[in-house]
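The values are calculated or read from the model by the stated rules, or taken from the named source; none is laboratory data. Computed from a prediction, not measured in an experiment: that's the story for all the values here. In this analysis, Cβ positions are derived from the backbone assuming ideal geometry, glycine residues included, and neighbour counts consider all displayed protein chains.
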Amino acid sequence: MTPPDVTYFRKGFGLKQEVEATLQADYTGRIVDLMRARDFELVSGDVTIRLAKEFGFCYGVERAVEYAYQTRHKFPGRRVVLVGEIIHNPHVNVRLREMGIEIIMPGEGGFDYSGISAEDVVILPAFGVTITDFNILRERGCVVVDTTCGSVLNVWKRVEAYARDGFTSLIHGKHYHEETRATASQVEKFPGGTYLVVRNMDEARDVCAYIEGRGDRTAFLAKYARSSSAHFDPDLHLKRIGVANQTTMLARESMAIGEEVGRTMAAVKGDAYRASNFRTFDTICSATQDRQDAVNALLEQPLDVMLVIGGYNSSNTLSLAALCAERVRTFHVEDALCIDPARGTIRSRDPVTGLQGDTPDWLGQGPVRVGLTAGASTPNNKIGDAVARVLATCGIDPATIR
Ligand code: SF4
């Protein structure tokens with residue numbers, strides 16, 4: 001019988017109870033608990049704050065953070081190293097550093113594992129890592145604690161199947177995002193496996209134009225050099241296409257991209273060709289979908305402004321902010337500290353232009369209805385801090401909220 005692998009763990013260490021109290025202390029929040037109990041609404045003086053019914057930490061993030069805490073608990077005397085940020089939230093990553101977990105960040109050529117020895121314990125983040133990174137770490141002989149989210153693993157299975165069957169994986173995502181890099185690398189498990197990443201519908205239309213024979217090969221290769229497999233050739237690799245997506249993209253756009261590419265293939269080569277040479281599968285994760293649905297429901301209610309909390313590099317937060325900005329004046333802040341009650345200002349990122357700046361008097365005068373949501377990597381205590389600062393901006397002492 002093969003002995004159990006004692007250097008690879010992906011289901012935690014059964015230490016949930018041991019870390020539960022610390023997790024609660026680090027990430028739960030009184031104000032958010034209060035809002036949940038009051039049907040996601042808080043009214044005080046002239047201010048009404050409405051919280052989306054799904055927001056903040058998703059199951060994948062909760063699991064990854066818990067496993068990181070369990071790992072620290074399990075190996076108190078060992079060096080513990082995290083490959084990049086566990087999730088895109090600065091507070092969580094700072095907290096992990098305070099617990100003595102080192103975070104290595106990628107350089108130009110990717111991660112440098114030369115300092116990792118067999119004695120070390122290495123945590124892989126919720127986004128996963130590329131096949132190359134994974135293999136290097138396994139060769140080092142260190143303990144690997146893999147927190148890759150199950151929903152990301154589902155996308156990998158899809159992309160693997162495309163590569164195995166000779167389809168190019170067309171991935172709706174951001175080519176530089178950790179998750180998409182890891183997902184795209186899965187095609188390397190099969191000889192000739194190929195991928196192309198498109199960021200949005202405009203880029204998907206480049207693909208459609210090429211299928212229609214309107215593309216310029218040199219320009220296409222130049223534009224997508226960083227978003228495709230090294231050997232990608234649009235003349236060869238746009239004949240059989242399987243669509244997948246980064247789990248945190250805007251679901252509506254992902255579906256539209258799949259439909260557009262499929263429709264184009266059918267228009268150029270016929271329905272029978274499309275049936276055997278085009279596949280699509282929605283790989284948006286349920287947590288992302290639930291948050292987008294909840295924000296759409298919230299936007300049905302009358303609101304004066306929408307506040308979206310989450311890192312500026314957090315893909316699911318950017319998707320939420322984009323949805324909100326279509327319907328109401330929206331402020332995307334990376335942290336509660338962006339709200340300055342003393343000055344009455346907010347420092348935010350414009351969801352359309354991406355520019356950051358301060359806005360004075362952002363809540364105006366008189367009654368105001370504020371919608372609120374947060375990305376999957378924002379803990380409840382930080383959401384509560386933002387609520388407290390909104391109240392303080394309106395002259396209400398958050399401590400009086402009971
Ligand atoms: S956003 Fe979705 S895929 Fe990403 S960690 Fe959360 S549940 Fe998993």
Q: Give me a count of the residues in the stretch 160-194 that are among the aliphatic types (A, V, I, L, M), within 16 Å of the ligand (Cβ to nearest atom) and within 15 Å of ILE131 (Cα to Cα).
A: 2
Q | Matching residues, the stretch 353-402, being of a type in the set (D, E, K, R), assigned to a helix (DSSP H, G or I) and over 29 Å from the mean Cα position of the chain (by Cα) | A | none
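Name the residue that is nearest to the ligand (Cβ to nearest atom), counting only residues in the stretch 376-390 that are in contact (Cβ under 8 Å) with a residue 60 or more places away in the chain and either in contact with a Cys (Cβ under 9 Å, 6 or more places away or on another chain) or under 15 Å from ASP304 (Cβ atoms) (or both). Please lay out each step first, then the result.
First pass over the stretch 376-390, keeping only residues in contact (Cβ under 8 Å) with a residue 60 or more places away in the chain: 376-388, 390.
Next cut, either in contact with a Cys (Cβ under 9 Å, 6 or more places away or on another chain) or under 15 Å from ASP304 (Cβ atoms) (or both) only: 376-377, 386, 390.
Values: ALA376: 4, SER377: 8, ALA386: 20, VAL390: 25 Å.
The extreme case among them is ALA376.
One line per residue, one yes/no per condition, for (1) touching a residue at least 24 places away in the same chain (Cβ under 8 Å); (2) over 20 Å from ARG10 (Cα atoms); (3) in the same structural domain as HIS172 (by TED's automatic domain parsing):
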| residue | (1), (2), (3) |
| --- | --- |
| ILE49 | yes, yes, no |
| PRO76 | no, no, no |
| GLY100 | yes, yes, no |
| ILE116 | yes, no, no |
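Quick grid of which residues meet (1) assigned to a strand (DSSP E or B); (2) within 16 Å of the ligand (Cβ to nearest atom):
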| position | (1), (2) |
| --- | --- |
| GLY56 | no, yes |
| ALA64 | no, yes |
| LEU82 | yes, yes |
| GLU85 | no, yes |
| HIS88 | no, yes |
| ARG95 | no, no |
Q | Positions within the stretch 331-350 being under 12 Å from ALA321 (Cβ atoms) and in contact (Cβ under 8 Å) with a residue 40 or more places away in the chain, in sequence order | A | VAL333, GLU334
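Can we say VAL129 is within 13 Å of the ligand (Cβ to nearest atom) and on the phi < 0 side of the Ramachandran plot?
Values: within 13 Å of the ligand (Cβ to nearest atom): no; on the phi < 0 side of the Ramachandran plot: yes.
No, not satisfied.
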**Q.** the stretch 211-228 residues that are closer than 15 Å to THR264 by Cβ, paired with ones that are charged (D, E, K, R) and exposed (fewer than 10 other Cβ atoms within 10 Å of the Cβ) (beta carbon under 8 Å, 6 or more apart)
**A.** none
Q.
Tell me yes or no: at least one residue of the stretch 122-143 is within 16 Å of ALA64 (Cβ to Cβ) and of a type in the set (S, T, N, Q).
A. no
Q: Kindly list the number of the only condition in (1) surrounded by fewer than 21 Cβ atoms within 10 Å (Cβ to Cβ); (2) farther than 22 Å from PRO191 by Cβ that fails for ILE123.
A: (1)
Q) Can you name the condition, by its number, that ILE284 falls short on among (1) within 19 Å of ALA184 (Cβ to Cβ); (2) surrounded by 16 or more Cβ atoms within 10 Å (Cβ to Cβ); (3) over 12 Å from the mean Cα position of the chain (by Cα); (4) of a type outside the set (Ser, Thr, Tyr)? A) (3)
Q. VAL261 is checked against (1) of a type in the set (Val, Ile, Thr); (2) under 18 Å from GLU203 (Cβ atoms); (3) part of a helix (DSSP H, G or I); (4) at pLDDT below 95 and fails just one. What number does that condition carry?
A. (4)
Q: Might you let me know whether the stretch 228-245 holds any residue that is within 28 Å of CYS149 (Cα to Cα), within 16 Å of the ligand (Cβ to nearest atom) and in contact with a Lys or Arg (Cβ under 7 Å, 6 or more places away or on another chain)?
A: yes
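Out of the residues in the stretch 208-244 that are β-branched (Val, Ile, Thr) and part of a helix (DSSP H, G or I), state the one that is nearest to MET255 (Cα to Cα). I'd like the intermediate steps shown before the answer.
Our first condition is that a residue be β-branched (Val, Ile, Thr); within the stretch 208-244, this holds for 211, 218, 241, 243.
Keeping just the survivors that are part of a helix (DSSP H, G or I) gives 211, 218.
Working: ILE211: 19, THR218: 28 Å.
The extreme case among them is ILE211.
Tell me, which residue of the stretch 362-375 that is of a type in the set (Val, Ile, Thr) and either more than 17 Å from GLU334 (Cβ to Cβ) or outside the structural domain of ASP46 (by TED's automatic domain parsing) (or both) is farthest from the ligand (Cβ to nearest atom)?
Start the filter on the stretch 362-375 by keeping residues that are of a type in the set (Val, Ile, Thr), which leaves 368, 370, 373.
After this cut, where a residue has to be either more than 17 Å from GLU334 (Cβ to Cβ) or outside the structural domain of ASP46 (by TED's automatic domain parsing) (or both) as well, the list is 368, 370.
Numbers: VAL368: 31, VAL370: 25 Å.
My answer is VAL368.
Output the residues belonging to the stretch 97-121 that are among the acidic types (Asp, Glu) and assigned to a strand (DSSP E or B).
First pass over the stretch 97-121, keeping only residues among the acidic types (Asp, Glu): 98, 102, 108, 112, 119-120.
Of everything in the stretch 97-121, just one residue is among the acidic types (Asp, Glu) and assigned to a strand (DSSP E or B), namely GLU102.
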